[in-house]
Structures are given as structure tokens and as C-alpha cells.
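Data first, discussion second: the structure below is written as C-alpha cells.
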Amino acid sequence: METIQVFSIFIELMIAVLAVLMWIRKKRFTGALIFLTFTIYVFYDIARLWSLDVPESLLRIAFAAAAISMLVAVWRLYNQK
């Protein structure tokens with residue numbers, strides 16, 4: 001099961017890299033929001049996988065921030081002309 005989780009973290013990292021490229025090369029701020037979201041997901045998943053000593057309250061706040069960031073990103077994509 002750990003292999004699947006590591007694979008998922010790798011995919012999240014790839015999404016974060018593509019998002020930062022969209023932000024920098026394409027000058028689309030939505031890329032920054034997606035980058036933030038998936039960077040938080042990677043942090044969250046690694047903290048859980050390796051049982052890092054990260055306070056649960058910090059993980060919850062980070063996860064909420066990721067959800068808000070993705071909500072804004074999707075809203076911006078939806079409203080694009």
C-alpha cells in the first residue's frame with residue numbers, strides 16, 4: 001500500500017511542477033494557486049507517510065488552505081473567457 005502512496009506523491013509533485021511552469025511561462029496566476037495546492041498535498045502526504053512530528057492542527061489548516069486555493073483556481077478557470 002505504501003507503494004501506491006509514494007506513486008501518488010510523485011504524481012502530485014509532477015502536477016506542482018507543471019503548475020509552476022504554467023504560472024511562470026504562461027503568466028497565469030491560476031498556476032500559482034494549483035502549485036500551492038499540490039505543494040501542500042505533498043507536504044501533507046509526506047508528513048502522514050513518514051509519521052513526521054507535525055501537529056495535527058497544522059495539517060488541518062494546511063489541508064483547508066489547499067482546498068481554498070484549489071477552489072479559487074477552479075473558479076478562475078471557470079470564469080475565463
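Got a number for residues in segment 32-60 being hydroxyl-bearing (Ser, Thr, Tyr) and without any contact (Cβ under 8 Å) to a residue 24 or more places away in the chain?
So the answer is 4.
Looking at Leu33, is it touching a Lys or Arg at 6+ places or on another chain (Cβ under 9 Å) and either modelled with pLDDT of 95 or more or part of a helix (DSSP H, G or I) (or both)?
Yes.
Out of Phe43, Phe38, I need the residue that is within 8 Å of the chain's Cα centre (by Cα) and either surrounded by 15 or more Cβ atoms within 10 Å (Cβ to Cβ) or among the hydroxyl-bearing types (Ser, Thr, Tyr) (or both). Which one?
The unique qualifying residue is Phe38.
Checking Arg60 against (1) touching a helix residue (DSSP H, G or I) at 6+ places or on another chain (Cβ under 7 Å); (2) over 20 Å from Gln80 (Cα atoms); (3) part of a helix (DSSP H, G or I): exactly one of these is not met. Which one?
Of the numbered conditions (1) touching a helix residue (DSSP H, G or I) at 6+ places or on another chain (Cβ under 7 Å); (2) over 20 Å from Gln80 (Cα atoms); (3) part of a helix (DSSP H, G or I), the odd one out for Arg60 is (1).
Residue by residue through segment 58-81, note down the ones that are of a type outside the set (A, V, I, L, M) and closer than 16 Å to Phe29 by Cα.
Residues satisfying the conditions are Ser69, Trp75, Arg76, Tyr78, Asn79, Gln80, Lys81.
Can you tell me which residue among Ile4, Ile9 is of a type outside the set (D, E, K, R), out of contact with any Asp or Glu (no Cβ under 7 Å at 6 or more places or on another chain) and part of a helix (DSSP H, G or I)?
Of the residues listed, the single one that is of a type outside the set (D, E, K, R), out of contact with any Asp or Glu (no Cβ under 7 Å at 6 or more places or on another chain) and part of a helix (DSSP H, G or I) is Ile4.
Tally up the residues in segment 2-26 that are of a type outside the set (Val, Ile, Thr) and either farther than 20 Å from Ala47 by Cβ or touching a strand residue (DSSP E or B) at 6+ places or on another chain (Cβ under 9 Å) (or both), please.
Selection size over segment 2-26: 7.
From (1) hydrophobic (A, V, I, L, M, F, W, C); (2) surrounded by fewer than 15 Cβ atoms within 10 Å (Cβ to Cβ); (3) part of a helix (DSSP H, G or I), pick out the condition that doesn't hold for Leu52.
The failed condition is (3).
Among Phe29, Phe63, which is the only one that is of a type in the set (Phe, Trp, Tyr) and either in contact (Cβ under 8 Å) with a residue 40 or more places away in the chain or touching a strand residue (DSSP E or B) at 6+ places or on another chain (Cβ under 9 Å) (or both)?
Phe29
Just checking, which of Ser69, Ser57 is surrounded by 13 or more Cβ atoms within 10 Å (Cβ to Cβ) and not aliphatic (A, V, I, L, M)?
None of the other options fit; the residue is Ser69.
The values are calculated or read from the model by the stated rules, or taken from the named source; none is laboratory data. Since the structure is predicted, the reported quantities are computational estimates derived from the model, not experimental observations. With ideal geometry, Cβ positions are generated from the backbone for all residues, glycine too; neighbour counts draw on all protein chains shown.
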